[in-house]
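Some notes on the structure that comes next.
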Amino acid sequence: MMYKYLLFDADNTLLDFNTAEKQALKEALAECPLQYSEEVRCRYHAINDNEWKRLERGETTREILKYERFEKLYDEFGINGKEFGRYTADIYFEKLCLQGQMIDCAEEILKDLSEKYDCYIITNGTCAIQTERFARTPISKYVKHIFISEQIGYSKPSLRFFEKVFEFIGDSDKSKYLVIGDSLTSDITGAVNSGVDSVWISEKQTHDLPTYCIKNLSELRSILN
């Protein structure tokens, strides 16, 4: 293996998005008519996940996603989503910006790997949110650049997203790239579409689409070292 460039997904690969989402939702709903509970969190998580997959497929826009997920959540619990969804979405946006939780061992692994490889981040997240969250972590010390889909103009798994990344790095030899992420539909499919190797992080299952499958981030060393 002659990899030189490691392209890390952000959420639930390096950043602990599940914890961030839970905390931001709890803080946002404290100011809203829908009371936080585990049932509410689970429904929001499912709705949000579906909306992001629709965005990946080009079926919605980032701006619609931001508000529609909360409108749908309120509607499910018998509250007028049109009346409260936008208000809640704006508060949630502010609260999520403040969350900088990282996956266990992520900083240690990034630090070690950055001594041997050029590390980058590729994320579909919103620019304002991701920029604020990254600022609350030590990630910038170990990565060469952070590619955010909102800035690039394309989202993973679009081939154009990855082409923009390759153009920025300035090396067209795809054998030198390795994508690391937790999403089959975004990270791994994007890697396959663009002709580069990939590592899928999943605790529960394996798949034949990625080049490698690992159960957690710490196992990445077994592939690269």
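Derivation of every value follows stated rules applied to the coordinates shown; laboratory data play no part. Just so it is clear, the structure is predicted and the values come from calculations on it, not from any experiment. No Cβ is skipped: glycine too gets one built from the backbone with ideal geometry, and neighbour counts run over all protein chains shown.
Any idea which residue in the range 101-113 is nearest to residue 17 (Cα to Cα), counting only those that are aliphatic (A, V, I, L, M) and assigned to a helix (DSSP H, G or I)?
Of everything passing the filter in the range 101-113, 106 is nearest to residue 17 (Cα to Cα).
What are the pairs with Cβ atoms under 6 angstrom where one residue, in the range 27-47, is more than 16 Å from residue 96 (Cα to Cα) and the other, located anywhere, is of a type in the set (Lys, Arg)? Sequence gap at least six, or different chains.
Qualifying pairs under 6 Å: 47/69; 47/72.
Quick grid of which residues meet (1) surrounded by 16 or more Cβ atoms within 10 Å (Cβ to Cβ); (2) within 30 Å of residue 179 (Cα to Cα); (3) not hydroxyl-bearing (Ser, Thr, Tyr):
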| site | (1), (2), (3) |
| --- | --- |
| 71 | yes, no, yes |
| 77 | no, no, yes |
| 81 | yes, no, yes |
| 86 | no, no, yes |
| 92 | yes, yes, no |
| 108 | no, yes, yes |
| 113 | yes, yes, yes |
| 117 | yes, yes, no |
